[in-house]
Structures are given as C-alpha cells and as structure tokens.
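K.L.:
Below are the structure tokens for one structure; questions will follow.
Every read-out reported here was derived from the displayed coordinates using simple, explicitly stated rules and does not represent laboratory data. The model shown is predicted, which means the values in this text are computed figures rather than measured ones. Positions of Cβ are backbone-derived with ideal geometry, glycine not excepted, and every protein chain shown enters the neighbour counts.
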Amino acid sequence: MSNSIVQQLNPSQRRAVQTVDGPVLIIAGPGSGKTMVITHRIAYLVGTIQISPFQILAVTFTNKAANEMRDRLVNLIRGKAHNVTVKTFHAFCSSVLRQHGKHIGLGSDYTIFDSEDQRDALKMAMEEVEVDPKRYPIRGIQSAISRAKSTMLDVHIFKTKGQSFYDEIVGRVYGSYERILSANNGVDFDDLLLKTFIVFKSQPSVLEQYQKRFFHVMVDEFQDTNIVQYQLAKILSGSSRNLCVVGDPDQAI
C-alpha cells in the first residue's frame, strides 16, 4: 500500500508525506493538493510507519473540510480511517471540555451560545453595566470580545491591558457578559478554544493524557489559525514535536 500511495505524488508532495519526525511546515498554493498531502501523510504513517490511527489528530476549520478528509482516508486506509481523529478545532475542544471542563468550573452539560444567544446575553450585560447600545453598537462590542478571546485575553487580562476609553467600556460589558455565561453554564464559540487551553495549562495531567494519545498532530489551512488555535496545536504536540501544518499564506483571512 505504501508504494501505491507514494507513487501518486509528485516529488514535493512525496517529501512532505515521508517527512514524519519533528515539526513540518508545508506551504502550498491553491490547487496544489493540500488536503491530499495531509490524507496521504496519515495513510503513510498508518500503513508504512505503523503508527496507530488512534494516535493521529487532524484538525481543520469547517465541517465540510473534515468530512472530505474522512472520506479520503476511508479510500486510502479503509476501516482504520475511523480511528483517526479528524475534527474542526471547535469540535475537538468541545469534546475536551465535556470531559474536563469541571476543572475550571464548567459543567459537562454546558450550553454553547450561538450568535443570537450571544447578542441576547450582551444586551443584558450592557443593561447591567449601563452601556448604551445606540452609542456603542452590540456588534462592535461582540467583535471586540471575540478578538480578545482569540488572542487569549480573558476578562481579567483584558481589563489590565486596556488603554482606551472604549477598552474600558468593552471591559465592563465583557465582565458582565462572562457572569451571564457562567450563571447559565454557557460558553460561546471563542470560549471553546480559550477554555480548552486554560484546562491544558492548569491541569498538566489532562494535557499529558492528550499528548500521549496524539503522537502526530496535523493542521490544515494553517494560515487561518488565530493565536489560541496556534497555541493549542503547539501545546498538544509539545512532547513529541510531531506537528505538521499545511497552509497558503496568500490565502490568509
């Protein structure tokens, strides 16, 4: 199987697939077969290097991309594909928090607030801290809080780092918003990532469990990662250093 997999690839793709130890950065433009390289690399690890599919984690950004990756793996390694963990960042983090969120006070039956839920919670938060939504539109406040979380600034750090009057306004709403989420055992989409990182940093035994489980970590569309996503990939691969990322810097969002 290994020969047939490698023979399908051009020399550059073959090198990317067969380089399996340590960190690997694959820069590829549109139409260059980024997903094919990742799936063939997984197939090479399983079929040739004899890595257990259970020890491989592949993360991407959309459910469509994750489903496509799974389908390609089934064609390459058949039933073993079902033991490879292929998920979006958010789905992976959600599964971590369901099991280990208790360490940071989050119940396993937590609710994920969608965009509409977030707006409703922000309206309540703004009323609580007497911030006028006509003067400070909810959408702008929501974006500012999302940016803060994606750059790993929880409400306490944000308040200490804020420099402008607008930062002070956002900080007040951010604090009230977090209290509302907590009171409802809720998280938003940005929390899924940030709180998972907090669990890993505060609970070394939990992190070690995942590091031992996933000996190889791969990230598709790496150019779209934000700071917390990058730190999650980095910390998960910290013990093995087997982190492979594939991206196109010209397509960064």
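K.L.:
For the Cα atoms of the chain, what angle does the longest principal axis make with the long axis of helix 115-128, in degrees from 0 to 90, nearest 10?
P.N.:
Computed tilt is about 30 degrees.
K.L.:
Here is a follow-up. What is the angle, in °, between the Cα long axis of helix 227-236 and the longest principal axis of the Cα atoms in the chain? Nearest 10 is fine, range 0 to 90.
P.N.:
It is inclined by approximately 50 degrees.
K.L.:
From the Cα gyration tensor of the range 11-67, with a ≥ b ≥ c the square roots of its eigenvalues, which class applies: rounded if a/c is under 1.5, or else prolate if a/b is larger than b/c, or else oblate? It would help to have the intermediate numbers written out before the result.
P.N.:
Numbers: a/c = 1.86, a/b = 1.13, b/c = 1.64.
Here the range 11-67 falls in the oblate category.
K.L.:
What does the highest-first list of 67-76, 87-96 look like by mean Cβ count within 10 Å?
P.N.:
Working: 67-76: 17.1, 87-96: 19.0.
Listed from highest to lowest mean packing, they are 87-96, 67-76.
K.L.:
Under a crude label model (7 Å from the Cα following the beta-carbon direction), how far is ILE27 from ARG78 in nanometres?
P.N.:
My value for the distance between the label points is 4.0 nm.
K.L.:
Hey, what angle do you get for helix 165-183 against the long axis of the chain, alpha-carbon based, 0 to 90 degrees rounded to 10?
P.N.:
Roughly 80 degrees between the two axes.
K.L.:
If you don't mind, another one. Which of (i) 16.2; (ii) 12.2; (iii) 14.6 is the computed mean projected area of the Cα convex hull in nm² for the structure on display?
P.N.:
From the options (i) 16.2; (ii) 12.2; (iii) 14.6, the structure gives (iii).
K.L.:
Would the range 169-234 count as rounded, prolate or oblate if I go by the C-alpha gyration tensor, calling it rounded below 1.5 in a/c and otherwise prolate when a/b exceeds b/c, oblate otherwise? All intermediate terms of the calculation are to be shown ahead of the outcome.
P.N.:
Details: a/c = 2.92, a/b = 1.65, b/c = 1.77.
Verdict is oblate for the range 169-234.
K.L.:
Assuming a ≥ b ≥ c are the square roots of the Cα gyration tensor eigenvalues, decide whether the range 99-150 counts as rounded (a/c under 1.5), prolate (otherwise, with a/b larger than b/c) or oblate.
P.N.:
prolate
K.L.:
What whole number of Å gives the distance from the Cα centroid of the range 204-251 to the Cα centroid of the range 31-77?
P.N.:
About 15 Å separates the Cα centre of the range 31-77 from the one of the range 204-251.
K.L.:
Longer than 22 Å from Cα to Cα, which of LYS87/LYS195; LYS102/LYS201; LYS80/LYS212; LYS212/LYS234; LYS87/LYS212; LYS102/LYS123 are they? Say none if no pair is.
P.N.:
Beyond 22 Å between Cα atoms: LYS102/LYS123.
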